[in-house]
Amino acid sequence: MRASLFKRFPLCVKCLEQDRAVAATERDHVVPLEEGGVDDETNEQALCAECHEVKSRAESQRGRRRAAAPAPMLQGGGGSKVRA
Ligand SMILES: [Zn+2]
(Lines give C-alpha, C1' and ligand atoms only; values in the text may rest on other atoms or scores of the structure.)
Protein backbone atom coordinates (compact mmCIF):
# COMPACT_ATOMS: atom_id res chain seq x y z
CA MET A 1 0.00 0.00 0.00
CA ARG A 2 1.77 3.07 -1.23
CA ALA A 3 -0.47 5.62 0.45
CA SER A 4 0.43 4.33 3.87
CA LEU A 5 3.96 5.71 3.61
CA PHE A 6 2.70 9.27 3.32
CA LYS A 7 0.23 8.61 6.07
CA ARG A 8 3.07 7.65 8.35
CA PHE A 9 5.47 10.29 7.01
CA PRO A 10 3.52 13.21 5.60
CA LEU A 11 6.65 15.36 5.69
CA CYS A 12 9.98 14.97 3.95
CA VAL A 13 12.29 13.17 6.38
CA LYS A 14 15.42 14.88 5.05
CA CYS A 15 13.92 18.31 5.46
CA LEU A 16 12.76 17.41 8.95
CA GLU A 17 16.37 16.68 9.87
CA GLN A 18 17.08 20.28 9.03
CA ASP A 19 14.05 21.55 10.94
CA ARG A 20 12.11 22.26 7.78
CA ALA A 21 8.57 21.08 7.27
CA VAL A 22 8.08 20.19 3.63
CA ALA A 23 5.30 17.97 2.36
CA ALA A 24 6.62 14.65 1.07
CA THR A 25 5.62 13.72 -2.45
CA GLU A 26 8.16 11.05 -3.37
CA ARG A 27 8.54 7.50 -2.13
CA ASP A 28 12.22 6.74 -1.87
CA HIS A 29 14.23 3.64 -1.08
CA VAL A 30 16.59 4.26 1.83
CA VAL A 31 18.97 1.69 0.35
CA PRO A 32 18.55 1.77 -3.42
CA LEU A 33 17.34 -1.49 -4.93
CA GLU A 34 20.41 -1.64 -7.11
CA GLU A 35 22.57 -1.47 -4.00
CA GLY A 36 20.83 -4.40 -2.36
CA GLY A 37 17.89 -2.64 -0.75
CA VAL A 38 14.55 -4.41 -0.35
CA ASP A 39 11.30 -3.15 -1.81
CA ASP A 40 9.15 -3.00 1.28
CA GLU A 41 8.19 -0.62 4.04
CA THR A 42 11.35 -1.27 6.06
CA ASN A 43 13.36 0.36 3.29
CA GLU A 44 11.23 3.26 2.24
CA GLN A 45 11.07 6.87 3.27
CA ALA A 46 9.08 9.91 2.25
CA LEU A 47 10.94 12.74 0.57
CA CYS A 48 10.03 15.96 -1.13
CA ALA A 49 10.80 16.22 -4.83
CA GLU A 50 13.90 18.29 -4.22
CA CYS A 51 15.52 15.92 -1.71
CA HIS A 52 14.59 12.96 -3.87
CA GLU A 53 16.35 14.48 -6.83
CA VAL A 54 19.48 15.27 -4.82
CA LYS A 55 19.57 11.73 -3.43
CA SER A 56 18.98 10.13 -6.80
CA ARG A 57 21.78 12.14 -8.31
CA ALA A 58 24.17 11.10 -5.55
CA GLU A 59 23.16 7.49 -6.00
CA SER A 60 23.73 7.45 -9.71
CA GLN A 61 27.17 8.94 -9.19
CA ARG A 62 27.92 6.38 -6.52
CA GLY A 63 26.64 3.61 -8.76
CA ARG A 64 29.28 4.37 -11.32
CA ARG A 65 32.04 3.54 -8.87
CA ARG A 66 30.08 0.99 -6.88
CA ALA A 67 32.67 -1.73 -7.46
CA ALA A 68 34.94 0.03 -4.97
CA ALA A 69 32.41 -0.17 -2.15
CA PRO A 70 29.99 -3.08 -2.41
CA ALA A 71 26.87 -2.84 -0.30
CA PRO A 72 26.92 -5.32 2.57
CA MET A 73 24.38 -8.12 2.24
CA LEU A 74 23.73 -9.76 5.56
CA GLN A 75 20.49 -11.51 4.75
CA GLY A 76 21.58 -15.07 5.49
CA GLY A 77 19.91 -17.90 3.69
CA GLY A 78 20.34 -18.51 0.01
CA GLY A 79 23.70 -20.01 0.84
CA SER A 80 25.68 -17.66 -1.34
CA LYS A 81 28.83 -16.94 0.55
CA VAL A 82 31.14 -14.99 -1.67
CA ARG A 83 34.63 -15.12 -0.30
CA ALA A 84 37.91 -15.13 -2.07
ZN1 LIG B 1 13.03 17.50 1.45
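A few points about this structure:
- Residues in the range 36-59 that are on the phi < 0 side of the Ramachandran plot, of a type outside the set (Ser, Thr, Tyr) and more than 16 Å from the ligand (Cβ to nearest atom): 37, 38, 39, 40, 41, 43.
- Under the condition of being part of a loop (DSSP other than H, G, I, E, B), within 15 Å of the ligand (Cβ to nearest atom) and either at pLDDT below 95 or not charged (D, E, K, R) (or both), the residues counted in the range 14-35 number 6.
The values are calculated or read from the model by the stated rules, or taken from the named source; none is laboratory data. The shown structure was predicted, so the numbers you read here are calculated from the model rather than taken from an experiment. Here the Cβ is made from the backbone with ideal geometry for all residues, glycine too, and neighbour counts use every protein chain on show.
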